[in-house]
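Please read the structure below before turning to the comments.
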Amino acid sequence: MSNKNQLPLVRKASGIRLARDNILSITESLTDPLVAVIGLWAVAFIQEGQLSPIYLFLSLIIFFLSYPGESKLSLPINKAVMNIVFTWIMLSSLLILFAYTTRYMYLFSTQTIVLWVVLTPIMQILALLLLRSIAPLIMTLQGPVKQAVVAGINEQSIELALRLNDTKLQSTNIIGFFEDRTLKRVAENTDIDVLLNGNIGVSILGKIDELADYIKTHQVNVIYLSLPMSGHPRILKLLDDLKDTTASIYFIPDIFMTDLIQGRMGQIDDIPVVAVCETPFTGFNGVIKRTADIAFSLAILILILPILIIIAIGVKLSSPGPVIFKQRRYGLDGKEILVYKFRSMSVCEDGGAVTQATKNDQRVTKLGAFLRKSSLDELPQFINVLQGRMSVVGPRPHAVSHNEMYRKLIKGYMIRHKVKPGITGWAQVNGLRGETETLDKMKARIDFDLEYLRNWSPKLDIYIVFRTVSVVFKGEKNAY
């Protein structure tokens, strides 16, 4: 194949998660959770001579909070080690905080827990090194690498080739494309140019109509059809031509290049359906999220009760008005909820027009300025979390009047209400806290909110909580 038919796919994929039908991927996803659980059992048995039911209960919590383990085989070893250590510090810290504040800690041996917390990341790192060394052997258990071809060159097919060909640990190898356009026309596609940034080459093997004949004379195990849905008749013809083959055939609809939220395949009886916009908190994910919200908010409220009392007295003495300010906001599914805050202003706006706080805002009291700067005014919202109106982590709720304004100006604005609003969020720990005086700032905040919905995991929530603590202690210049 000449160089003129070689398409340089140059975007370097990193942190690839192996296909879930891959034995190695399944093994990797179980490694960290199982090491933590087995480590707990071993330490408890050695220290106490038995494995009491309370440790079995704790091991279940650990497993479900850490499963599936993040893919680290494709990461450099230093990044993989940092990932293990940081993840474990976050998870163990939250568990210990909850245990202490709820007085469950007395059920465990302090020596056992400390030893387990220290040894677990070491054991997980050793397990990762072992898994890396035996990964090639595990891959051979599922047979030879499958050879695949792709019909159509576009953003999603290029991304697929990058992800499959940029790691030796995948079970499928893209050997080439079938495309009717010339390479020059393909290169003129600016959307595809955005993806080019490395040194991976995949050949153009022929035109799409030549695909069926190619399959008959070459060893191809998998065919990916990445053709526009507007070409439905052509897709049907190609599928008919490919009936005389034993290759597995997958269709990559161009709908997946749209702004999907939790896009996934499903089935209702025998009818296939595709989720285009869905909450990440369906099924067991919803149970995990709600359980974590209740446990964390209850622990925090018990821990900060003296602080709440002191702030309440300070607000009452500093200026006339209620201690708690209740404002209507949009919650889950766009329904109105009442959100609690310590009053920080001399006025309580909740009408058709709510003016955002600005720098040196005369409405903000002296104590209120400190509360807003330190985010202490948000503490009563942990009560909202217990009520089920809010979550600890999620898109921040906006005043109803602001919602009605921005939903007309920003496409996809209301999608953020597929989940409960949060006390803190992905946008806030990325510098988008406080006043949004321009439309671009609000668009950026919404982009982060939607990114959170696409990529939610328990680990991401834990990370955001820790980032929030860091941001609060450092101080945020936009908070006033």
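Brief remarks on what is shown
- In sequence order, calculated HN-Hα J values of region 44-50 (Karplus, 6.51, -1.76, 1.60; Hz; x Gly/Pro): 4, 5, 5, 6, 10, x, 7
- Sequence ranges 23-33, 268-278, ranked by mean other-Cβ count within 10 angstrom, highest first: 23-33, 268-278
- Prolate/oblate/rounded call for region 23-140, Cα gyration tensor, a/c under 1.5 rounded: prolate
- Amide H partners (placed H, <5 Å) of K146, local residues excluded: T172, N173
- Radius of gyration (Cα atoms) of region 284-474, expressed as a multiple of 2.2 N^0.38 Å: 0.99.
- Database remark: amide H of G176 closer than 5 angstrom to the amide H of V150 (H placed geometrically; neighbours at sequence offset of 5 or more, or on other chains; Pro and chain starts carry no H).
- FRET efficiency estimate (nearest 0.05) - Cβ-Cβ, R264 to S109, R0 45 angstrom: 0.60
- 3J(HN,Hα) from dihedral phi, region 459-469, Karplus parametrisation 6.51/-1.76/1.60, rounded to Hz, x for glycine, proline: 5, 5, 4, 4, 4, 5, 4, 5, 5, 5, 4
- Stretching S470 away from M414 to a fully extended chain increases their span by 17.3 nm, per 0.36 nm per residue minus the current alpha-carbon distance.
- Fully extended contour minus Cα-Cα distance, from E437 to Y100, at 0.36 nm per residue: 117.1 nm
- Sites I271 and I77, calculated FRET efficiency, Cβ-Cβ separation with R0 41 Å, nearest 0.05: 0.35
- Per-residue HN-Hα couplings for region 413-430 [Karplus 6.51, -1.76, 1.60; θ = phi - 60°; Hz; x = Gly/Pro]: 4, 6, 4, 4, 8, 6, 10, 5, x, x, 5, 9, x, 4, 5, 5, 7, 10
Here, each number is a calculation from the coordinates, and none is a lab measurement. Predicted model, so just to flag it, every value in this text is computed and none were measured. Virtual Cβ from ideal backbone geometry, glycine too; neighbours counted across all protein chains shown.
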